[in-house]
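Written below as structure tokens is the structure these notes are about.
Quick note: the coordinates plus some simple rules give every number you see, no bench work behind them. As the structure is a prediction and not an experimental result, all values here were calculated from the model. FYI the Cβ positions are ideal-geometry reconstructions off the backbone, even for glycines, and counts take in every protein chain you see.
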Amino acid sequence: MSQPAVVNIILGGIGGTGVILSSNIVADSAFLAGYDVRKSEIHGMSQRGGSVSSDVRFGEKVYSPLIPDGEGDYLVLLHPDELENNLYRLKPNGVVIDISLIVGESRNLSLLNDEKYLPVNQKNFNICLLGALSNYLPIPYECWQKAIFLNLSKKVHEQNRGVFEYGMKLTKAFSIK
Amino acid sequence: MKKLMFGNESIALAALHSGVTLGIGYPGTPSTEILEYFSEFGGRAQWSPNEKVALEVGIGVAFTGGSVLVTMKHVGLNVASDPLFTVAYTGVEGSLVIISADDPDMHSSQNEQDNRNYARSAGVMMLEPCDSQECYDFFLEAVRLSKEWKFPVLLRPTTRVCHSMSIVEYEDKEYIPVLPIKYNPDKLGRVMIPGYARPAHRRLREKLAKIKKWNETSHLNKEITKSEELGIITSGVSYLHVLEAEPNASVLKIGMCYPFPEEKVREFVQRHKRCIVIEEGDPFLVENCRYYGIPVEEKPEMYRFGELNVNRVRRILKGDTSPEPPIKRGRPPRLCDGCPHRAVFTLLSKTNCIVTGDIGCYTLSVLPPFQSIDSCVCMGASITVGLGLRHSLPPEEAKRVVSVIGDSTFIHSGIPGIVEMVYNPPPTGHIVIVLDNNTTAMTGMQEHPGTGKKLNHEPTNQVVIEDVARAIGVENVVVTDRISVFEKALEESLENNKTNLIVVRKMCALLRKKQQKNVKQEVIGDKSDVSTGGS
Ligand SMILES: Cc1ncc(C[n+]2csc(CCOP(=O)(O)OP(=O)(O)O)c2C)c(N)n1
């Protein structure tokens, strides 16, 4: 697939949904793949249920840590309510990756309690979405695995690998015109 | 070595590599993680009760020849400004680097003051890093400059620098802290009575003139020569936005903004047809250019507010002053479920009280559903502003005034307010409610003297808030963890015309959760987001 000089990924959610850690994993993966990387986040009030978002940019050379409005390539949504806040930052045809990939249009998080989604559950679906994101990015699988290994508990690494791979099989992200 | 790091992390690493004797400060977003990282890396780090205390302890260490890192957020420097202005006169023996982490756009602050103005008014060198690599390099350079000139240095990262990650290249080094062995007195240099301070002020200005000369050719100011049509003068993170927004322009990036490298800027301006200054916040570089008679274009006033970004830089270059699309800020923060502050504010919003508030999580109670606080100015002001209201309102109105303050804030700057209350009691007395959740919750759960634990959570002596109040002479002191007891104590206090202090002591819900599962998380969820803070 052809990639622009800089790849722009926005991660959006609310406090407690794992935006910061997910963006660390994306940034570390890109770094391990040898790219220049910049990541920015606003987490000032995140612990109190406020909106949290993080920008990850990678490529040959990246300057601003912030993705200019309307230039985001991908939006990974960790909370369905945050679509509205972040959509304007995507470029035309930007790709949204959210929980609808797993549970369908209802975007109902609690559906993930159903065993049919295992090993994905309500707590780890964000790793699953990163797996889906990875399909679009020129970052080798091993770099993702290493980044996950570095950022999360080693004890459940094998389970997380399964969750990530589940995400890699999901393809129907929706793009915005 | 090459690593992806936060600005705050790379400052801490540079502190380690430069052998900082002591890292000291008071929490405040976006500066807080610097000392936490420094401690984690093995450095000696301490929280002080407030920024003035931190800087003064730092000055003492630097007087002995030690190497000091002092950290605070921008408004913290207001509190520490008293020692700042005079340490510029005395200078130091070792090195003293003060981090002022500014917060343009007030992501979690009560104002967006631009602390470059402090550098100029106090007469202290200031360096402005644009990313994590520069945080690392500039910190090392700041230590070197401080040692060479025996003079404090301010380092001013902003939220986007502190809380952004970028790649840092460095040489790994062992931590070998500077450890002074004996005190070398210098009464003329350090005792600032007028007779000694007058020559000290002259010495300061002479030093600054020499540093200015050095800065004219210093490697801290970077130039990219491209088109002769357009030259952009910039500093800090704005530099990165500029490189992306206008790749064809020549750029002069000012790394040391004070003392201002006048000749360097003048020469750059002369070589370009159009020269514009692109800087976040106040027109600091612009005013310096004006002072030295260097003709430059400045950004329209509307861009003084908030942060800059690539879109805004493009607009500035085009002279676009049409209204900007409003920033979508998403859902506002709120008091956590299970937050012990909730019960207090539920009660206060039902009473007919006038509530002078303070800064902390509890400030969020101004939002629905509570809407219960009536003022919030700066840390500590709840008690004192409340006293002012009591002094000036007629008795029936005055009796409704209560002050609400958090435990960390009480220690930070609430105690002098208690002294004021005891010394100048209003005729109707006063009521101070201390919301003691056993932590500095707002900034991400740091220890403070009231928790009895050090920065690294090891036990130390505890300052007991109610004992302090009793010792100062507050007439009625109540401590409780029960809302019914609190309600009764409040009712009585509203009528007794005495000085009252009610401590509501119940642990922060997040802290309780954290203590319960102090293990590395297994999935993304909880930890990373909730352990960070704001304000
Ligand atoms: C001079 C100054 N220093 C630091 C800060 C950052 N800050 C805001 S509130 C706060 C302390 C909050 O702790 P506490 O009073 O215990 O209230 P809590 O958040 O725990 O409810 C701090 C450090 C500030 N606003 N001003």
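Calculated on the alpha-carbon coordinates, the convex hull of region B:2-215 measures out at 110 cubic angstrom per residue.
Every helix of 4 or more DSSP H residues in chain B counts as -39500 (n - 2.57), and over all residues that averages to -11000 deg cm²/dmol at 222 nm.
Can you classify the protein assembly as shown as rounded, prolate or oblate using the Cα gyration tensor, where a ≥ b ≥ c are the square roots of its eigenvalues, rounded means a/c under 1.5, and otherwise it's prolate if a/b beats b/c and oblate if not? The shape class here is oblate.
Phi angles of region A:65-81 translate, via the Karplus equation with coefficients 6.51, -1.76, 1.60 and θ = phi - 60°, into HN-Hα couplings of x, 10, 6, x, 4, x, 10, x, 8, 9, 10, 9, 9, 9, 9, x, 5 Hz per residue; Gly and Pro are given as x. When a/c reaches 1.5 or more, the comparison of a/b and b/c decides; with that in mind, is chain A rounded, prolate or oblate per its Cα gyration tensor? It is rounded, given that a/c, with a ≥ b ≥ c, falls under 1.5.
What whole number of Å gives the distance from the Cα centroid of region A:141-155 to the Cα centroid of region B:127-141? Centre-to-centre distance over Cα atoms comes out at 30 Å. Taking a ≥ b ≥ c as the square roots of the eigenvalues of the Cα gyration tensor, chain B is prolate, since a/c reaches 1.5 or more and a/b is larger than b/c. DSSP bridge analysis restricted to region B:222-318 gives an antiparallel fraction near 20%, rounded to the nearest 5.
Neighbours of B:Pro426 by Cβ distance under 11 Å: Lys/Arg scored +1, Asp/Glu scored -1, total +2.
Here the label points at B:Ile181 and B:Leu367, each 7 Å from Cα along the C-beta direction, are separated by 5.7 nm in the simple model. The DSSP beta bridges internal to chain B are antiparallel in roughly 20% of cases. Centroid-to-centroid, using Cα positions, region B:34-85 and region B:324-372 are 31 Å apart.
Among the listed pairs B:Lys207/B:Lys264; B:Lys213/B:Lys253; B:Lys454/B:Lys513; B:Lys173/B:Lys453, a Cα-Cα separation exceeding 25 Å is found for B:Lys173/B:Lys453.
Across all Cα pairs in region A:109-159, the calculated P(r) in 5 Å bins from zero up to the longest distance comes to 4, 18, 26, 24, 17, 9, 2 percent per bin. By the Cβ rule of 4.7 Å, chain B holds the following cysteines without a possible disulfide partner: B:Cys130, B:Cys135, B:Cys162, B:Cys257, B:Cys275, B:Cys289, B:Cys353, B:Cys361, B:Cys376, B:Cys378, B:Cys508. Listed by chain and number, the aspartates and glutamates whose alpha-carbon sits under 13 Å from that of B:Lys222, ignoring those within fewer than 8 places in the same chain, are B:Glu128, B:Glu134. Between the C-alpha center of region B:467-488 and that of region A:3-40 there is a gap of 49 Å.
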